[in-house]
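Structure, as C-alpha cells:
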Amino acid sequence: MNETKPYWTLHFLILLSSLVPSMVLLIQLDAFVILFYRTLIAVALFAVLIYSRHDKLPAIISQKVRLQIFLSGLLVILYWGLSFIAAKISNASVCLIGMATTSLWIVFLDPLLSKRKSKVFQIVIGLNAIIGIYIIFSSDFAYNWGLAVGIIGAFFGALLTIYSAKLSKSYHHYVVSYYQMAGACVGTLFFLPIYDYFFIPSYQSLNLFGGSLTDWLLIIAMAAVVSVFAYSTLIRIMQKIPPFTVALVSNLSPVYGTIIALLFFKEKEVMNTGFYVGTILLLFSVFAYPIYNYYRAKQVQKKKDFIKNHRIDISPIQNALPHTQENRHHTPSNLRNKESQSDTEDINNLYKKPITDIEDY
C-alpha cells in the first residue's frame, strides 16, 4: 500500500491544479487582481517556510542570480495572468485545453534553446496538434479568443518551466519559488494601473479591495494549496516517481478539470462536436511525446546493458595473436606488456562507445 501512495498523491495534486480555472471563474474579482493577491500570499507563505528551514537550506545565492530569478517572475505574470484571462473570457474547459499545450511548447522550445535539432517525431506531433487546433477554430466555436489566449499563456508557461528546471538543479525550490513569486507580485502591482487604463471599461473601476468572503477564501486556498502545498509536495514525490509518470499524469489535468467544471457550471461547459474532435487530436499530441520518449529511452538502456554485459574476453586473442610462445621468450618483457596493453585497449575501445543521444538509435 505504501508503494502506491506516491502515485495516488500525484493524481491528487494534479486534481488540485485542475481546480484553478473553476476557482477563477467563481471569484468575482478581475484576473490580474486575483493574480496579485495569489502571488502576494504565496510570497508570504514561502518566506515563512524558508525562515523555518533556514538551517536546512543551502547558502544564500548571489545578488546577480537573485535578480535573474526575480525578473523571471515576469514569466509567471504572463503565464498565470493569460490563463486567468482565458478562463474569464471563455470557460474552465477551454482554459485547461489551452494550458495543456505547455508540454507541446516545451517539445519545440527546449531543442531551440539548447541548440539541438528538432526530431522528426516532434514535428509530427506538432503538426497533429496544429490540425487539432485548426479544427477547433474552424468549427462554430464560441470561445476562440479564450483558447488563443490560453495557448499563448502556455507558451510563456513552457519558458518558465524550462528556466525553473535549470534553476532547481542548483538552488532549493523554496528559494526559487520565493523570488519568482516576489517578482510576479511586484510586477503585477506595477501593471495594475496599465491594466485599469487600457482593459477596464471607462464606466467601471478596478476593484482591489472588494470581493466577498468567498472570493478571499478561494484566493487564499489557491495560493496556499496550489501554489505552495501542491508544488512542494510534487517536488518531494518526484524522488520516488519516474519523470515519465509525472509528465503523463500531469496531462490529465484537462480531463479532471473539465469533469469538475461540468459539475459546477453544467451547460456552460458543453461544447460542439468540432471542439471535442480537435481536443482529442490535441490531447493525443500531448500524451504521445512522453510515451514515445519513455520507450525510446528504454531501448537505449537495453543497448547499453547489452554492451555492458557482452564485452569480449580478449585473453585468448592476446595469447593467440601476435606471438607464439616460442617467440615471446625472445621478446623483451616491457615490449610484450606494451603490445598486450595496446591490443587490449584497441579491442575494448570498440565496446566503449557511449550512447549519448536517444535519436541515434
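The values are calculated or read from the model by the stated rules, or taken from the named source; none is laboratory data. Keep in mind the model is a prediction, meaning the values are calculated, not measured. Here the Cβ is made from the backbone with ideal geometry for all residues, glycine too, and neighbour counts use every protein chain on show.
Among the residues of the stretch 144-180, write down those that are in contact with a Cys (Cβ under 9 Å, 6 or more places away or on another chain) and either over 16 Å from residue 80 (Cβ atoms) or modelled with pLDDT under 85 (or both). The one that is in contact with a Cys (Cβ under 9 Å, 6 or more places away or on another chain) and either over 16 Å from residue 80 (Cβ atoms) or modelled with pLDDT under 85 (or both): 147.
Of all residues in the stretch 10-24, how many are farther than 17 Å from residue 220 by Cβ and touching a residue at least 40 places away in the same chain (Cβ under 8 Å)? Full working, then the answer.
Of the stretch 10-24, the ones farther than 17 Å from residue 220 by Cβ are 10-15, 18, 21.
Then keep just the ones that are touching a residue at least 40 places away in the same chain (Cβ under 8 Å); that gives 10-11, 13-15, 18, 21.
The number of residues fulfilling the criteria is 7.
Filter the helices (runs of 4 or more DSSP H) completely within the stretch 25-134 down to those with at least 3 residues that are of a type outside the set (S, T, N, Q) and more than 24 Å from residue 146 (Cβ to Cβ). Talk me through it step by step, then tell me what you get.
On the way: elements: 31-52, 63-71, 73-89, 92-100, 102-113.
Because the criterion is at least 3 residues that are of a type outside the set (S, T, N, Q) and more than 24 Å from residue 146 (Cβ to Cβ), the helices (runs of 4 or more DSSP H) in the stretch 25-134 that meet it are 31-52, 63-71, 102-113.
The single condition among (1) buried (at least 17 other Cβ atoms within 10 Å of the Cβ); (2) in a loop (DSSP other than H, G, I, E, B); (3) modelled with pLDDT under 80 that residue 234 does not satisfy is (2).
Comparison of 248, 217, 252 shows that the only residue that is of a type in the set (A, V, I, L, M, F, W, C), modelled with pLDDT of 80 or more and closer than 30 Å to residue 173 by Cα is 217. For the stretch 25-56, residues that are of a type in the set (Gly, Ala, Ser) and free of Cβ contacts under 8 Å to residues at least 12 places away in the same chain total 2.
Taking the criterion of being surrounded by fewer than 20 Cβ atoms within 10 Å (Cβ to Cβ) and under 23 Å from residue 178 (Cα atoms), would at least one residue in the stretch 30-44 satisfy it?
Checked against the condition, which is being surrounded by fewer than 20 Cβ atoms within 10 Å (Cβ to Cβ) and under 23 Å from residue 178 (Cα atoms), the stretch 30-44 yields at least one hit.
Of the residues 88, 64, only one is surrounded by fewer than 23 Cβ atoms within 10 Å (Cβ to Cβ), closer than 22 Å to residue 222 by Cα and at pLDDT 85 or above; which? Even if it seems obvious, please write down each step before you answer.
Details: 64 fails: closer than 22 Å to residue 222 by Cα.
Step by step, each of 88, 64 is checked, and only 88 is surrounded by fewer than 23 Cβ atoms within 10 Å (Cβ to Cβ), closer than 22 Å to residue 222 by Cα and at pLDDT 85 or above.
The residues on offer are 208, 147, and the sole one that is under 22 Å from residue 98 (Cβ atoms) and touching a helix residue (DSSP H, G or I) at 6+ places or on another chain (Cβ under 9 Å) is 147.
Assess whether residue 183 counts as being in the same structural domain as residue 71 (by TED's automatic domain parsing), touching a Phe, Trp or Tyr at 6+ places or on another chain (Cβ under 6 Å) and among the small types (Gly, Ala, Ser). Spell out the reasoning first.
Details: in the same structural domain as residue 71 (by TED's automatic domain parsing): yes; touching a Phe, Trp or Tyr at 6+ places or on another chain (Cβ under 6 Å): yes; among the small types (Gly, Ala, Ser): yes.
Here the answer is yes, as residue 183 does meet what is asked.
Looking only at the stretch 135-176, which residues are closer than 28 Å to residue 45 by Cβ, small (Gly, Ala, Ser) and not in a helix (DSSP H, G or I)? Passing the criteria: only 170.
Of everything in the stretch 145-195 that's among the polar types (S, T, N, Q) and under 26 Å from residue 94 (Cβ atoms), which residue is surrounded by the fewest Cβ atoms within 10 Å (Cβ to Cβ)?
Among residues in the stretch 145-195 that are among the polar types (S, T, N, Q) and under 26 Å from residue 94 (Cβ atoms), the one surrounded by the fewest Cβ atoms within 10 Å (Cβ to Cβ) is 164.
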